[in-house]
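All of the numbers you see were taken from the coordinates with simple rules; none came from a lab. The structure displayed is predicted, hence computed values, not measured ones. Note that we place each Cβ from the backbone using ideal geometry, even for glycine, and neighbour counts take in every protein chain shown.
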Amino acid sequence: MHSAAAESGGLALVTIGNSLRGDDGIAQRVCDALDPDILARVCRFDLGTFTNLLGDCLAGHYSAVIVDATKSGTVAGNISITDLSVMASGSWAAPLKCPSSHGLSLVDELILTNGRIALPKQIILFGVEVSDVDWAAQLSPTMEKCLPSIANSLSRLVVSTLEVTKNA
């Protein structure tokens, strides 16, 4: 959904993940748990697994926060924050290592989009470490338990990003 109340040129909040693969659907659930006052200040886009639509969601925004599951072997519920801006420019010299569960396609879409539209100046990946990505329409008990804490961390990131965006 795109919030008409959100400031033009402000913050795009994008979720990626498959809600039919258990914890892989954590991104949308975390955003659903955010305070409505925060959500009213952003343009929210729930992409599911359709990262090919990422460029359309980012167009016209100063900043973006992309929320996705990670599966790097750390403890479920851990959060990682990665600046994707350099990767998106295509000038990243190291092998592409994006902690997102959809990392390669996510970064590829950003690089392809960068040639088509002006990307946001700041693109942040808010990664949530998951454990169970078997076929299920609900989160694992571990992720359900972590959900309030993860939503709190995302709230703090979104509010601070909005402040930076407002002052830019």
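Points worth noting:
- Figure legend: label point modelled 7 angstrom from the Cα of residue 156 along Cα→Cβ; residues of the range 31-58 with amide N under 20 Å from it are 31-39.
- Sequence-distant aspartates and glutamates (8 or more away, or on other chains) whose Cα lies within less than 12 Å of residue 71: 23, 24, 129, 132
- Approximate spin-label separation residue 136-residue 116, in nm, with each point projected 7 Å along Cα-to-Cβ: 3.6 nm
- Formal net charge of residues neighbouring residue 146 (Cβ-Cβ distance under 11 Å; K, R +1; D, E -1): -1
- Spin-label model, residue 145/residue 50: points 7 Å from Cα along the beta carbon direction are separated by 3.6 nm.
- Each Cα pair under 8 Å and six or more residues apart adds its sequence gap; the mean of these over the residue count of the range 11-162 is a relative contact order of 36 percent.
- Spatial separation of Cα centroids for the range 15-86 and the range 114-166, in angstrom: 4 Å
- Taking a Cβ cut-off of under 12 Å around residue 35, the surrounding Lys, Arg, Asp and Glu residues balance to a net charge of 0, with basic ones at +1 and acidic ones at -1.
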